[in-house]
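The values are calculated or read from the model by the stated rules, or taken from the named source; none is laboratory data. Values in this document were obtained by computation on a predicted structure and should not be read as measured data. With ideal geometry, Cβ positions are generated from the backbone for all residues, glycine too; neighbour counts draw on all protein chains shown. Quick note on the areas: whole protein, heavy atoms, side chains included, nothing else; ligands and nucleic acids left out. Shrake-Rupley method; radii C 1.70, N 1.55, O 1.52, S 1.80 Å.
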Amino acid sequence: MAEALIDVATARARVLAEARPLAPEPVDLVRALGRVLAEDVASDLDLPPFDASAMDGFATRAGPAEALEIVGESRAGHPAGRELGAGEAIRISTGAVVPAGAQAVVPVERTRVTGPDGDGEAGERVRVPVRAVGEHVRRAGEDVRAGDAVMSAGTRLGPAEVAVLAALGRAEVRCGVRPRVAVLVTGDELVEPSAALGPGQIRDSNVHAMAAQAERAGARVVGRALVRDELEATVSALGEAIELADVVCVSGGVSVGPHDHVKPALARLGVRERFWGVALKPGKPTWFGVHGSTLVFGLPGNPVSAMVTFHLFARIALERLAGVAEAPGVRAVARLDRAVAREPRRDQAVRCRLEARPDGWHAAPTGPQGSHVLTSMLQADALALVPAGQGELAAGEPVELELLR
Ligand code: AMP
Ligand code: MG
């Protein structure tokens, strides 16, 4: 590699400099999970919208223990339709409107209903204990006030966000369009998972890894291709992918061997290089360039390298295209469970399992870390980012983590 390697942070900054959010679209709330909000959401109402009972019981005025006349009922969805006066109680259920004139709710367990003759029939009365103003009443606007800012553009919608939008009456919200991704793999040795292996052949795992990672990042996979190690085939497959997609990821064939055609093909197609070669292990031979508004990632062929570089570089582009506001990068710190030898000139992305212990989170490397050891990705919760340097990062030292989600 003739050019100097750039560090991970610089490489990411170059990716983000090219990744602009796609135009938003209206999305039905029932399909909004996982989408990225493209508008600031404020509430146009109080939540709860009215003073509501927190218990099943009786709405009353505040006061000393006494017997009150039961004069009506307020059920959830069916307000009482009358005010509460002195000496009166209104039956009430959880979530029902606290009638005008009432100041408190007495839970039913703390009351005793009697009829005029003590038989619980018409003309009923209820004995209530002492009540303070506001007891067991959920005030209107206690959760959200009309006019409050509730969520901001750039938020990924999870179950809680979807629920709050529903409560606010937002049956439709503006969300970033899901970016279109094409994933390609190169290599004469590659066959589909369904094929029997011939001499020297292996099954392609990278198409599946990259497609799955793209979908996890909220993108739509609009093309998959397995490309032979020939220049013309590589040019035409990449050309088609660039037409089709907002982001193209191609694995393998990006190095400088006689059968590596990805870079010459991209040059032929007019894709302009933004970086080549990252000071990262695994993941050194990573290429990034742009063609119009399409972003092109040339990822290493080794399966772990492809997944790690997808996660660190392609995923952040997809998130930015979808409108995610959050800056990418380190999300947590844990103690390294065992020593890791540093690389003199490259940061390392060590696949780790996370474990909560009494002294905090620990990151345990998943085993042998070779870039071909695909099973090292199994059960990995995070990439521990071990900075370049001399010697080792000792067990127990804090290490920054990029969570794998
Ligand atoms: P390359 O970058 O093309 O030199 O490939 C580097 C290593 O990754 C070689 O051992 C390839 O066989 C392997 N490799 C490349 N592409 C894939 C793929 N799609 N699935 C699994 N292994 C791959
Ligand atoms: Mg190859």
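Details
Listed here are the residues, each with its yes/no results for (1) surrounded by fewer than 19 Cβ atoms within 10 Å (Cβ to Cβ); (2) over 20 Å from PRO285 (Cβ atoms); (3) assigned by TED's automatic domain parsing to the domain that holds VAL256; (4) more than 26 Å from the chain's Cα centre (by Cα).
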residue: ARG14; (1), (2), (3), (4): yes, no, yes, no
residue: ALA17; (1), (2), (3), (4): yes, yes, yes, no
residue: GLY34; (1), (2), (3), (4): yes, yes, no, no
residue: VAL41; (1), (2), (3), (4): no, yes, no, no
residue: GLY57; (1), (2), (3), (4): no, yes, no, yes
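- Every test in (1) outside any strand (DSSP E or B); (2) more than 12 Å from ligand 1 (Cβ to nearest atom); (3) closer than 28 Å to MET377 by Cβ is passed by VAL235 save one, and that test is (3).
- In the range 246-264, the qualifying residues are those that are assigned to a helix (DSSP H, G or I) and either over 11 Å from ASP229 (Cα atoms) or more than 13 Å from ligand 1 (Cβ to nearest atom) (or both), and the one that is most open to solvent (accessible area, probe 1.4 Å) is PRO264.
- Here the range 179-199 is the region considered, the condition is being part of a loop (DSSP other than H, G, I, E, B) and open to solvent by less than 70 Å² (accessible area, probe 1.4 Å), and the residue that is farthest from ligand 1 (Cβ to nearest atom) is PRO179.
- Residue identified as over 22 Å from ALA11 (Cβ atoms), touching a Lys or Arg at 6+ places or on another chain (Cβ under 9 Å) and not assigned by TED's automatic domain parsing to the domain that holds GLY154 among GLN379, GLN348: GLN379
- The range 348-376, subset part of a helix (DSSP H, G or I) and not β-branched (Val, Ile, Thr), residue nearest to ligand 1 (Cβ to nearest atom): LEU374
- GLU172 away from ligand 2 (no atom under 16 Å from the Cβ) and free of Cβ contacts under 8 Å to residues at least 40 places away in the same chain: no
- Among the residues listed as ARG203, ARG224, ARG228, the single one being more than 35 Å from the chain's Cα centre (by Cα), in contact (Cβ under 8 Å) with a residue 12 or more places away in the chain and open to solvent by 60 Å² or more (accessible area, probe 1.4 Å): ARG228
- Just one of the listed residues (ALA306, ALA332) is touching a strand residue (DSSP E or B) at 6+ places or on another chain (Cβ under 7 Å), surrounded by fewer than 18 Cβ atoms within 10 Å (Cβ to Cβ) and within 23 Å of GLY218 (Cβ to Cβ), namely ALA332.
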